[in-house]
Structure formats: structure tokens, C-alpha cells
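K.L.:
Below you'll find the structure I mean.
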């Protein structure tokens, strides 16, 4: 059970972590209000079939609103699969934008030609755009769906009637269909992804602490604490969703786990894990009222402890992505705020449901060993995964911001441990403790020379990703595998060590002539963010296999890889198994 002072530390962490972040703040945020038009009224889209291989996309834009030229995206898919498309733009205005810098935008109207590489019949068209108002509001990317019949010229809103589109590898991880069907599938996928998230190593230590409390006490109290835990998880996911949608609406190309792209947040998370580990080890005896911070929230009541355990579980889950979760969140972040939040609520309910069921299970209570010294031993043992996680987080911070940053953060951890140890004494010790804690926060904000993030791309058999490199290789007819990864992504690291970077797999890529490209998203990179979102995902890992020209359309691999999955994908792009 999280003790009172640790709960206060959690509260302080949640309040102070934004101060550590760089370039991810919410300054200048303007909330959408009744003074602004709904997005579908500010930008009205009309579509016209010009010919068997050409469509016209025409937006009527209200006064004092504009659309970004570089934010237009289209996806056309018929019964034969994806249709390759090219956009031709009408002249646009140059603008220095608060969010994107020097860009080209459209006022009054935008007129685009959509050209296809082949004739198509009835197809599903997805059109994404993003715009802002001069008064300061930026809308999230907005996607509209249509059914287009080039042979008859008929255009109608998509209701999920297209069912013959070709499926790809990992199609079970997509959210197809019309708006109603897609929403229900997204909710289901989010719920399943939330359940699987409990099995991820980043969440296990926190859940273990909660499971310990079910070994003793009144079952009715377990039920109550479980519901408070559910509330903490759901509220936290809604808070993360709100921040994510807001930042995307302001023009940031970010996704799930975006906060870990800030070295400050990573260091703050390492501090939190260290404090929890010291508590479990019994090295720090947390007492009554440290700084009286959040006293009303972090009192002695067990309900509040259960709530903050749920909050903490979501915070530490951010480096992990579970199957089904990526596509559900990718769908959510293209929808309106209510729909997006409902998907995140489903994710939270899925993550919290095993704990809730456990609290009501009489069988689980019988299976758990009787209370005894083993509980204290297990609690102390669970401190070591937390210490290991803190070491890994500091390694991530070092990769992001250099070894000097990692060293000052380690010095800050020493001050943190000293401050927490001193705090249990008298007034003089507590005063010294507060100075140590303040010094720990100061050290966490110091930054040395940036780290070298290109090291991962120098691994044998890989090349660094860029849009131009990918397009050049594809133009040469070379099959390409793109791995979007990050040092803070536990799922990515697990896939790489267990499957992708083994000697067998390195030889398999080389034998088949498939180029392995690494896109490192450890730090914020809007270009990589755009690449991720263009494939319907909001987070990583993302694995895209590009066949050689004429070999079919690109397809996604699942987020959890096995040897057979990758080899099957390689066989699919090079059926004869020979180098091209």
C-alpha cells in the first residue's frame, strides 16, 4: 500500500513534472469556445468526380479561418486494395505560423486535384485536413469519410458499406467500417488493449503492491478500494487524452508516450520510481505531513491511496503499448473530443478491470497465501524492479540529453534519497531535507550537451530513416522495412532484442535484400510524428513493410513481434526468398 508521504510525493510529481519538460508545454493554449465555429462549419468540403482517375476536393473556408497546405492527407481504397494517389494544390499564401513556422495556407477556399495511378470503381475515401482561426484556436486534424463511385460520379458519406478492401498483415489490429461500427470496434480494441497492458513489465510492480492488500482485510473494503483504483486509472487516461488532443490541435505531431520525449519528464519519473523503491525497501520511513502538500488529498484514508495507485499505474504505463491499443488510439485521435475521450475511458476500464475482478473473487482470496512475514519480504523484493526501471530511465535521459545530464540527474537522486531520509527527524533535519529536495529538483533541470541519437541507426544491417531516403529506395524498386522506435519504448526494445536484432533476423533481411530503416523517435521529431499518424497510429512501435515496386501495397506488422511474423512478412515481399 502506498504510504501517506509517498502519495504526497506522487502528487508533487504530477504537479511539478510539467516544469521539467522542454518544448511540450501548454503555454499559449486557447480553448475552443462558443465564439469559434464547429470544424465542419468553418471548413466545408465538396468532392467532384472529374474523370475515372481524377477527383476534385474543394473547401469553402469561412472568413478569418485558414487551412494548412501541408496537413492535407487522403487515403483511397477499393475492393482491390489501396489506390496510389497524388495531390496537386492550388496557389497558397505564405504565412509564419505560431505552431508550424513558415508554412503555406489557404484562406477563403482550397482547391485540390486528386490524381490516381489506376481506374477505380466504388471506393472509400478518407480526407484529412487541419486548420486554425486567426483568433488563436487550432483544430485537431479532422478526417471525413466518403464512398466515391468514379464510374457513376456518385459521392455519399461513408456508412461502412465498403467491405471488399484488401486486408493486410495485422488487419486484426485495425479499426475498419463506418463511423458507428468503427467506434464500437475502437472501444472494444481499447478495452482489450487495456487488459493486455497489465501484463507489461512497466505496470507489474505497481499492480503487485495493490494485490498485496487483497491478502488481508475485509472483502467489502477490497471492493471499495478497487473502485477507487478504477476511478484513478480512468481519470488519468482522460487527463492524458485531453493533453494529447490539445497538443495535437496546436500542431504538435505527437502520440502515446509523448511525455517521455522530454528528458525532464523522464528524470522526474526516475525520481518517482526511486522514492517508491526506497519506501518498499524500508530505507525511508515516510511520516506525517511533508510540506503539507496535497494534505487533503493524501490523508490517511485508504480510498485516496487506491485512487493514486491508479494514477501511478497510468503514469508508469506510458512507455508501453499493447496489441489492439495502437489502432484504437489512432482512430480516437482523428475524431471529435467526446468520441476520443470515450475510447480512452474504454482503455482505462480495460486496464482496471482485472484488479476489479480480483477484488470480487473469493477464489483469488483463497489462493493468496496467508498473511505473514512473506508479505514484508515480497514488498522489499518489489523495490528492485523499481530501481532497475529508474536506471533505465536515466539511461534514456542520457541518450536524449547527454551523459552530463545523466550525471546531474544521478546526483539529484542522491539528494532526493538524503532528503527523504532526513525528513523523519526534527525541525533542523526537516529543514535540511527540504533544501536537499530543492537541490534535487534543481539538478533535474540541468542539461549538458545533447546525446547522440544516431547511434541506433549505425547498428549492423540498418540505415537511418528519412522521407527522402525511403522515397529514393522505393523508386529504385528496393523492398524496405521501417522500424519506428525509441529508447523509452519498452515494447520496442523487447521486440528488438528478442526478434529484430538477432543474428538470424539480420541475416534474413540481408539474404532477401530488404533494407532495414530505423526512425528514432526518442526525442520529439514532427516528421516522424507525421509518418506515424499517416499510418493510422498514435504511438509506437510501428513496423511498416514496403514491397518492391509492383509487389503490392505497404502493410503494417503487429506491435508485438515473433520470429514467424517477421519471416512471413519478409517472404511476402520476396516470395522466392532470394536477394533482389
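K.L.:
Answer yes if at least one residue in the range 540-555 is part of a strand (DSSP E or B) and under 25 Å from residue 398 (Cα atoms), and no otherwise.
P.N.:
Scanning the range 540-555, I find at least one residue that is part of a strand (DSSP E or B) and under 25 Å from residue 398 (Cα atoms), so the answer is yes.
K.L.:
Can you find a residue in the range 318-332 that is surrounded by fewer than 16 Cβ atoms within 10 Å (Cβ to Cβ) and modelled with pLDDT under 80? Can you show your working first?
P.N.:
Let us first name the residues in the range 318-332 that are surrounded by fewer than 16 Cβ atoms within 10 Å (Cβ to Cβ), namely none.
Taking every residue of the range 318-332 in turn, none turns out to be surrounded by fewer than 16 Cβ atoms within 10 Å (Cβ to Cβ) and modelled with pLDDT under 80.
K.L.:
Just wondering, is there one or more residues in the range 451-467 that are under 30 Å from residue 571 (Cα atoms), surrounded by fewer than 22 Cβ atoms within 10 Å (Cβ to Cβ), out of contact with any strand residue (DSSP E or B) (no Cβ under 7 Å at 6 or more places or on another chain) and at pLDDT 80 or above?
P.N.:
Yes; the residues of the range 451-467 include at least one that is under 30 Å from residue 571 (Cα atoms), surrounded by fewer than 22 Cβ atoms within 10 Å (Cβ to Cβ), out of contact with any strand residue (DSSP E or B) (no Cβ under 7 Å at 6 or more places or on another chain) and at pLDDT 80 or above.
K.L.:
Checking residue 170 against (1) touching a strand residue (DSSP E or B) at 6+ places or on another chain (Cβ under 6 Å); (2) at pLDDT below 65; (3) crowded, with 20+ Cβ neighbours inside 10 Å, which single condition isn't satisfied?
P.N.:
(3)
Residue-by-condition table, conditions (1) buried (at least 21 other Cβ atoms within 10 Å of the Cβ); (2) at pLDDT 70 or above; (3) not assigned by TED's automatic domain parsing to the domain that holds residue 361:
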residue	(1), (2), (3)
185	no, yes, no
197	yes, yes, no
201	no, no, no
204	no, no, no
246	no, yes, no
261	yes, yes, no
278	yes, yes, no
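K.L.:
Which of the residues that make up the range 467-508 are part of a loop (DSSP other than H, G, I, E, B), under 15 Å from residue 546 (Cα atoms) and in contact (Cβ under 8 Å) with a residue 12 or more places away in the chain? Quick ask: steps written out before the conclusion?
P.N.:
Initially, the range 467-508 is screened for residues part of a loop (DSSP other than H, G, I, E, B), giving 476-479, 486-489, 501-502.
Next, from what is left, pick out any that are under 15 Å from residue 546 (Cα atoms): 476-479.
Within the range 467-508, 477, 478, 479 qualify.
K.L.:
Another question, then. If we only count strands (runs of 3 or more DSSP E) wholly inside the range 58-145, which ones have 2 or more residues that are at pLDDT 90 or above and touching a helix residue (DSSP H, G or I) at 6+ places or on another chain (Cβ under 7 Å)? If you could, list the steps in order and put the result at the bottom.
P.N.:
Values: elements: 65-68, 73-78, 81-83, 85-89, 93-97, 101-107, 109-116, 122-129, 131-133.
So the answer is 101-107.
K.L.:
While we're on this one: Just to be sure, is residue 393 buried (at least 21 other Cβ atoms within 10 Å of the Cβ), part of a helix (DSSP H, G or I) and in the same structural domain as residue 266 (by TED's automatic domain parsing)?
P.N.:
So residue 393 passes the test.
K.L.:
On the basis of being surrounded by fewer than 17 Cβ atoms within 10 Å (Cβ to Cβ), more than 30 Å from residue 401 (Cβ to Cβ) and modelled with pLDDT of 80 or more, does residue 563 make the cut? Before you say what the answer is, go through the steps one by one.
P.N.:
On the way: surrounded by fewer than 17 Cβ atoms within 10 Å (Cβ to Cβ): yes; more than 30 Å from residue 401 (Cβ to Cβ): yes; modelled with pLDDT of 80 or more: yes.
Yes.
The values are calculated or read from the model by the stated rules, or taken from the named source; none is laboratory data. Worth saying up front: this structure is predicted, and the values here are computed from it rather than measured. Here the Cβ is made from the backbone with ideal geometry for all residues, glycine too, and neighbour counts use every protein chain on show.
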